[in-house]
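Report on the structure given below.
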Amino acid sequence: MARVLVTGGAGYIGSHAVRALLAEDHAVVVLDDLSAGHAGALPVGVPLLQMAIHDRAAVAAALRDHRIDAVMHFAAWLVVPASVIDPLGYYQNNVVGTLALLGAMVDAGVTRLVFSSTCAVYGEPASVPIVESLQKQPINAYGETKLAVERALEHVERAHGLRWMALRYFNAAGAHPDGTIGEDHDPEIHLIPRAIQAATGGDPLQVFGQDYPTPDGTCLRDYIHVCDLADAHVLALSALESGAPSTAYNAGTGRPHSVSAVIDMVGRVVGSPVAWTAAPRRSGDPAMLYASSDRLRQDLGWRPQYPELEQIVQHAWRWHQAHPHGYRTHQST
């Protein structure tokens, strides 16, 4: 089994990946500056290095000190509208920071990386479901930063032998089925937790755009359960350990759901209607994004355990019930 450094491992997807790695008997060290992550999301006994990925020398020292074999890299900014407003910040964090991490890996002789990428690299897709060979034309800075790193990885591999797999996420959603870890952003940015808040007395949800070329006018997205996404990362790591070639995979269910359909599902699961208001389209939001994950299934044997939207919403609701104020409070489930 590998010794794995998980950058951003105290964050939403990273913390679920930590659980999945431990379940497969990997040793885990987390590196997170806690700007968006939560120490409370980590299992007892998992070492937490509170530092930024930008410090190449410090990260290289950590890799050596902990005898790390591989890195899973989740430490990035991820809000599409914010990337449109602050492209310099996104390039600094997502590209410059990742280059520092790659340099630290080269310095420490660590040659395996699983990289958190995004479906935003495709922009407005020419066809759906999206396959990996589709032309990459990001329409926002977030997607551009992830694509820049993917392209850099090819050159770093040729120069330094650093092998990698990139997973292009669609919409990660849900929470661990036992309700112990879940999604806690401040402010909350994603549709399902925002809809749950709106259905339980919080501020009304804003629906950005009702005039998209979709059946009900709202955006279509592919929601993948966060635990299924975490499992894909562990499979990617195992494939690298077995000598599989570097590549990028789509990680999604291939089942699109509209914003309106998600709102309806949240209302049914929670048992209260979701209060929402109409808002204009946001810059950088494509109308339709959903995946073909055939290559991930065929090459790595990935099979989602929770493919249904209802399961995803039920698990997110279970987390919210146990943690109505996020990681700041905890109630027994």
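Each value in this text was obtained by applying a stated rule to the coordinates, not by laboratory testing. In this text, all values refer to a predicted model and were calculated from it rather than measured experimentally. Neighbour counts are summed over all protein chains in view; Cβ atoms, including those assigned to glycine, are modelled from backbone coordinates with ideal geometry.
Using only C-alpha positions, report the orientation-averaged shadow area of the convex hull of the stretch 1-144, nm², one decimal. Present the calculation step by step, with values, prior to reporting the outcome.
Working: hull surface 37.1 nm².
Mean projected area of the Cα convex hull: 9.3 nm².
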Requested in this report: Output ³J(HN,Hα) for the stretch 237-245: one whole-Hz value per residue in order, computed from phi by the Karplus curve 6.51 cos²θ - 1.76 cosθ + 1.60 with θ = phi - 60°, and x for Gly and Pro.
Outcome: 4, 4, 5, 4, 4, 8, x, 4, x
Query raised in the report: If we count every other residue with Cβ under 15 angstrom of Gly109's Cβ, Lys/Arg +1 and Asp/Glu -1, where does the sum land?
Result: +2
Query - Backbone N within the stretch 248-284 under 19 Å of label point (7 Å from Arg297 Cα along the Cβ vector) - result: 248-257
Report task. Using only Cα atoms, locate the centre of the stretch 256-325 and the centre of the stretch 1-57, then give the distance between them in Å, rounded to an integer. Result -> 25 Å
Requested in this report: Read phi for every residue in the stretch 85-95 and hand back ³J(HN,Hα) as whole Hz from Karplus 6.51 cos²θ - 1.76 cosθ + 1.60, θ = phi - 60°, with x for Gly and Pro.
Outcome: 6, 10, x, 4, x, 5, 5, 4, 6, 7, 9
Query raised in the report: Taking square-rooted eigenvalues a ≥ b ≥ c of the alpha carbon gyration tensor, is the stretch 180-260 rounded, prolate or oblate, where a/c under 1.5 means rounded and, failing that, a/b exceeding b/c means prolate?
Result: oblate
Query - Length added when fully stretched, Gln50-His185, from 0.36 nm per residue minus Cα-Cα - result: 46.8 nm
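Take the alpha carbon gyration tensor of the stretch 1-80, find the square roots of its eigenvalues, order them as a ≥ b ≥ c, and report rounded if a/c is under 1.5; if not, report prolate when a/b exceeds b/c, else oblate.
Details: a/c = 1.62, a/b = 1.06, b/c = 1.53.
Cα axes put the stretch 1-80 in the oblate bin.
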Report task. Under 15 Å from the Cβ of Gln92, count the other residues' Cβ atoms, weight Lys and Arg +1, Asp and Glu -1, and hand me the total. Result -> -2
Report summary line: Lys and Arg at +1, Asp and Glu at -1: neighbours of Ala52 with Cβ under 10 Å from its Cβ sum to -3
Query raised in the report: Considering amide H positions built from the backbone, and no H for Pro or chain starts, which residues 5 or more places from Trp77, or on another chain, come under 5 Å of its amide H?
Result: Asn94
Report summary line: Semi-axes a, b, c in Å (a largest) for the stretch 82-237, each sqrt of 5 times a Cα gyration tensor eigenvalue, come to 30, 20, 16
Query - Correct choice for semi-axes √(5λ) of the Cα gyration tensor in Å that was computed from the model, options (1) 35, 26, 17; (2) 36, 26, 25; (3) 31, 23, 18 - result: (3)
